[in-house]
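Asks: One structure coming up, written as structure tokens, with questions to follow.
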Amino acid sequence: MNFLTHLLNGISLGSVYSIIALGYTMVYGIAKMINFAHGDVIMVGGFIIFTLMSTLGLNPFFSVLAAMIVCTLLGMTIERIAYKPLRKAPSLAVLITAIGVSYLLQNLALLIYGAESKSFTSVIPVKALSLFDGRLSISGETLVTIPLCIVIMIGLNFFIKKSKTGRGMIAVSEDKEAAVLMGVNVNKTIAITFAIGSAIAAIGSALMFSAYHNLSPTSGAMPGIKAFVAAVFGGIGSIPGAMIGGILLGVIEILSRAYISTQLGDAIVFLILIVVLLVKPTGILGRKIQEKV
Amino acid sequence: MLEVKNLQVYYGVIQAIKGVSFRVEEGEIIALIGANGAGKTTILQTISGLIAAKQGEILYGGVDLQKIHPHKIVAMGIAHVPEGRRVFSQLTVYENLLMGAYTRTNKDEIEETLEQVFTRFPRLKERKNQMAGTLSGGEQQMLAMGRALMSKPKIILMDEPSMGLSPILVEEVFDIIKSINKSGTTVLLVEQNAKKALSIANRAYVLETGNIVLEGDAKELMNNESVKKAYLGE
Ligand SMILES: Nc1ncnc2c1ncn2[C@@H]1O[C@H](COP(=O)(O)OP(=O)(O)OP(=O)(O)O)[C@@H](O)[C@H]1O
Ligand SMILES: [Mg+2]
């Protein structure tokens, strides 16, 4: 039963990684860049919810909704101001800018909220479920997180496969110039991608902080890096890859903490990443990156 | 309908197009022929807005296309069948065709054009739900042409549509170009297969390292001694 509890916790954490990883993987697919500030957008989402709920006493639903709106605008603003001017710049310049944006967001949060970590009240009003005479207990957060993340992933997949905008996104990610010839506005498509990724990150933020409670200006960094690892693990640019990578990563992390070492949990996660990339450099579902001829 | 005046295009410091002028009248098939690296693709990409020109004008119905956002050019009636087809391999044949109609909004009209494209290319209808990346080279060429037709263009720019195809398919492709033109679409055709291109064109321009060195009636050019020597292998 203990194992089952750990497994469920792992899947729960992993599905949060998955939906955060969607932001990395979609942006990479379309803009061919790693948005390292994505993790800090999660942190901002956390503080918006915290402020609205704990300080202003708003209800959880509206607080999360507001965080989604703020994160969407933030993601689009970052893209417009920091990344769009660098569209033709070398990828190293873009990478350094992304790291700069990340530190900027952390420091702004530090200025406003201070370094001390805040206690985040769960936004999930669901009670824990007790099964098998109390031998298996599933938290309300887990009960909500897993199905919600699955719905988000299926919904996003459906949107990308079936909508015109989604088709435009696939076209841009495969061949920007050919997409332009079809009349696709590439800048607008990139902006929409950032918007979607950031809105989903806000939901991920609500779920993650509800389960782990600690919120500080650097709280987005570690989950951000892990979601990025999940995206690479699954094959960067691939949406199903982000889902599989995220869930695997969450399960591996929780099980290694439980059975191998509490301290070494993160180290094991990164070790596995290195091994996977040595064996299959494109990740589990990644396709070979096509070089332009 | 389309008039290019003193076009100059650079890649970095290298000048690829050195002051090219030509015009395309409504209803014509114009061939632009030249060897590898002459600058044919560069000219078409500049017309479509993928590359910015350093100098010159590209007038289409009196408007300078360089002042138009590249993604808005197709909606003005200019479709481009790019070199190497460049179909979207992760989309199905049907979805690729829908991409061709990306800027159109009337569903019924799109459906009507789709039927016309399927009538012209029955193979595409058979393979409607197949991933475009798994099509043969010839089928991909048909798809690239069908996709361009989905925008209901007034003029279609074709970049080496016969490249890499078997002789039978080459014939077929040129027949299709003729029939597309017959149904009212102007064609600007870039080809290395000068013989075939000249045989269906009204007029032609010969491009050499960024300059137009010869122009005129296609039939006359076919009998021109230097064209015969350099491009027709006679
Ligand atoms: N992206 C680029 N960067 C630098 N130089 C380029 C680039 N694309 C083309 N060129 C150069 O510009 C010139 C014209 O190239 P272009 O592709 O237009 O020729 P083309 O006539 O289409 O040739 P082909 O028949 O082989 O397709 C060539 O010398 C080529 O090397
Ligand atoms: Mg070419």
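The values are calculated or read from the model by the stated rules, or taken from the named source; none is laboratory data. Here the structure is a predicted model, which means the values were calculated and not measured. Cβ coordinates were reconstructed from backbone atoms using ideal geometry, including for glycine residues, and neighbour counts include every protein chain displayed. The protein model used for the area step is the full one, side chains on, heavy atoms only, and it has no ligands, DNA or RNA in it. Shrake-Rupley method; radii C 1.70, N 1.55, O 1.52, S 1.80 Å.
Asks: Take every residue in peptide B:49-58, count the Cβ atoms of other chains within 10 Å of its Cβ, and give the average of those counts.
Replies: Values: counts 2, 5, 1, 0, 0, 0, 0, 0, 0, 0.
Neighbouring Cβ atoms belonging to other protein chains average 1 per residue here.
Asks: Could you tell me which trypsin sites (Lys or Arg not before Pro) in region A:118-220 are loop residues by DSSP with no more than 10 other beta carbons within 10 angstrom of their beta carbon?
Replies: Details: sites: A:K118, A:K127, A:R135, A:K161, A:K162, A:K164, A:R167, A:K176, A:K188; in loops: A:K127, A:R135.
Of the trypsin sites (Lys or Arg not before Pro), the ones in loops of region A:118-220 whose Cβ has at most 10 other Cβ atoms within 10 Å are A:K127.
Asks: Let me ask another. Sorted by packing (mean other beta-carbon atoms within 10 Å per residue), highest first, where do A:70-82, A:99-111 land?
Replies: In decreasing order of mean packing, A:70-82, A:99-111 become A:70-82, A:99-111.
Asks: Measuring from centroid to centroid over Cα atoms, what is the spacing of region B:1-73 and region A:54-108 in Å?
Replies: Their Cα centres are 40 Å away from one another.
Asks: While we're here: My understanding is that a pair violates if its Cα-Cα distance is over 30 Å; which of A:K176/B:K107; A:K176/B:K219; A:K118/A:K226; A:K162/A:K188; A:K84/B:K152 do that in this structure?
Replies: Beyond 30 Å: A:K176/B:K219; A:K84/B:K152.
Asks: I need two numbers for the protein assembly as shown: Rg to one decimal and Dmax as a whole number, Cα atoms only, in Å.
Replies: In order Rg, Dmax, the Cα atoms of the protein assembly as shown give 27.9, 97 Å.
Asks: Mean shadow of region A:2-279, computed from the convex hull of its alpha carbons, in nm²?
Replies: Working: hull surface 61.8 nm².
Seen from a random direction, the Cα hull of region A:2-279 projects 15.4 nm² on average.
Asks: Could you order B:Y11, A:Y17, A:Y28, B:Y94 so the one with the most accessible surface comes first? Probe is 1.4 Å.
Replies: Largest to smallest exposure gives the sequence B:Y11, B:Y94, A:Y28, A:Y17.
Asks: Which whole-Hz ³J(HN,Hα) couplings does region B:181-198 yield from phi under the Karplus relation 6.51 cos²θ - 1.76 cosθ + 1.60, θ = phi - 60°, glycine and proline marked x?
Replies: 5, 4, 7, x, 9, 6, 10, 10, 10, 9, 8, 9, 7, 5, 4, 5, 4, 5
Asks: From the phi angles alone, apply the Karplus equation (6.51, -1.76, 1.60; θ = phi - 60°) to region A:41-57 and give each ³J(HN,Hα) in whole Hz, x where the residue is Gly or Pro.
Replies: 5, 4, 4, 4, x, x, 5, 4, 4, 4, 5, 5, 7, 7, 8, 9, x
Asks: Also, quick follow-up: Using a 10 Å cut-off around each Cβ of peptide A:181-192, what is the average number of partner chain Cβ atoms that fall inside?
Replies: 6
Asks: Using only the heavy atoms of the protein chains and a 1.4 Å probe, how would B:H69, A:H6 rank by accessible area, largest first?
Replies: So, going from the largest accessible area down, we get B:H69, A:H6.
Asks: From the backbone phi of region B:63-74, what are the Karplus-calculated ³J(HN,Hα) couplings (6.51 cos²θ - 1.76 cosθ + 1.60, θ = phi - 60°) in whole Hz, Gly and Pro given as x?
Replies: 9, 7, 4, 5, 8, 9, 4, x, 6, 9, 6, 5
Asks: Could you work out the relative contact order of region A:2-279? I mean the mean sequence separation of Cα pairs under 8 Å and 6+ apart, divided by the number of residues, in percent.
Replies: 40 percent
Asks: Now for a different question. Kindly express, to the nearest 10 degrees and within the range 0 to 90, the angle between helix A:221-234's C-alpha long axis and the longest C-alpha principal axis of chain A.
Replies: The angle comes out at about 60 degrees.
Asks: Using only helices, what value at 222 nm comes out for the protein assembly as shown when you add -39,500 (n - 2.57) per DSSP H run of length 4 or more and divide by the total residues, to the nearest 500 deg cm²/dmol?
Replies: When only DSSP H runs of four or more count, the value is -17500 deg cm²/dmol.
Asks: What does the charge count near B:V173 come to, summing +1 for each Lys or Arg and -1 for each Asp or Glu among other residues with Cβ under 11 Å from its Cβ? Don't skip to the end; give the middle numbers.
Replies: On the way: positive: B:K178, B:K196; negative: B:E160, B:E171, B:E172, B:D175, B:E191.
Every neighbour counted, the sum reads -3.
Asks: Same structure again: Run down the aspartates and glutamates and flag those whose C-alpha is under 12 Å from the C-alpha of B:K5, throwing out any fewer than 8 positions away in its chain.
Replies: B:E57, B:D64
Asks: Take peptide B:166-177, look around each residue's Cβ out to 10 angstrom, count Cβ atoms belonging to other protein chains, and average those counts.
Replies: Mean shielding count: 0.
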